[in-house]
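Engineer: I have a structure here, written as structure tokens, and I will follow up with some questions on it.
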Amino acid sequence: MRSRYRVSEEGGYLITSTIVEWIPVFTTPDTYEIVTESLAFCRREKGLKIRAFVILDNHLHLLAEAPDLSRTMQAFKRHTASRIVEHAESANRPWLLDALKRHKKSYKTESRYQVWQEGFHPKRIQGEAMLTQKIGYIHNNPVRRGWVDAPEHWRYSSARNHYFDDHSVLEIDLEYE
């Protein structure tokens, strides 16, 4: 079934994008870089503004906005999906390719694989209190999973951007314009 989530207004949204069947795809620096490089491209070329992010093994959260957020996310997911498949082929990961093929929706006839679940589940950020709560939620994801002791210890998170002004993994927009 196709997603019924829609972006109806401009402004910031909490976005969640998940790999099909929660398959752990992001397990090496190379696979995380597929996402960070694609997000950096969307910032430069598509007007994506990212306030916070975290990339985990099988999903990502963004606090973001863009002039056409739906199209931007669609392009992001299409591009990262093809790069993830290319990486799985070159890194000789048949188990991953088999899983992505097995979980592909039958009506998706233009591809042999499905990497992302449909949609990106946008939730409109309404007010400063909600903004603060969602940034905390995003940054604490790896802590809740027991992967790190503090949010800023997770490399693929904007916690470092917020706490230390460290934009080495991905430059973000600390404030929206």
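What follows draws every value from the coordinates through simple rules; no lab data is involved. As the structure is a prediction and not an experimental result, all values here were calculated from the model. Neighbour counts run over all protein chains shown; Cβ positions are idealised from the backbone, glycine included.
Engineer: Based on what the data block shows, is residue 104 among the charged types (D, E, K, R) and out of contact with any Ser or Thr (no Cβ under 8 Å at 6 or more places or on another chain)? Full working, then the answer.
Structural biologist: On the way: among the charged types (D, E, K, R): yes; out of contact with any Ser or Thr (no Cβ under 8 Å at 6 or more places or on another chain): no.
For residue 104, the condition - among the charged types (D, E, K, R) and out of contact with any Ser or Thr (no Cβ under 8 Å at 6 or more places or on another chain) - is not met.
Engineer: Another question about this same structure. Condition first: touching a Gly at 6+ places or on another chain (Cβ under 7 Å) and at negative phi. Can you find one or more residues in the stretch 106-116 that meet it? Don't jump to the end; show me each part of the working.
Structural biologist: Step one: filter the stretch 106-116 for residues touching a Gly at 6+ places or on another chain (Cβ under 7 Å), giving none.
Checked against the condition, which is being touching a Gly at 6+ places or on another chain (Cβ under 7 Å) and at negative phi, the stretch 106-116 yields no hits at all.
Engineer: When you check residue 80 against the structure, is it touching a helix residue (DSSP H, G or I) at 6+ places or on another chain (Cβ under 8 Å) and closer than 25 Å to residue 141 by Cα, yes or no?
Structural biologist: On the way: touching a helix residue (DSSP H, G or I) at 6+ places or on another chain (Cβ under 8 Å): yes; closer than 25 Å to residue 141 by Cα: yes.
It is true that residue 80 is touching a helix residue (DSSP H, G or I) at 6+ places or on another chain (Cβ under 8 Å) and closer than 25 Å to residue 141 by Cα.
Engineer: Another one. Among the residues of the stretch 44-65, write down those that are within 13 Å of residue 172 (Cα to Cα) and either outside any strand (DSSP E or B) or of a type outside the set (A, V, I, L, M, F, W, C) (or both). It would help to see each step written out before you state the result.
Structural biologist: So in the stretch 44-65, the residues within 13 Å of residue 172 (Cα to Cα) come out as 44, 47-54, 62-65.
The answer is 44, 47, 48, 49, 51, 65.
Engineer: Further question on the same structure: Could you please give the count of residues in the stretch 23-41 that are crowded, with 20+ Cβ neighbours inside 10 Å and among the hydrophobic types (A, V, I, L, M, F, W, C)?
Structural biologist: Matching residues across the stretch 23-41 total 5.
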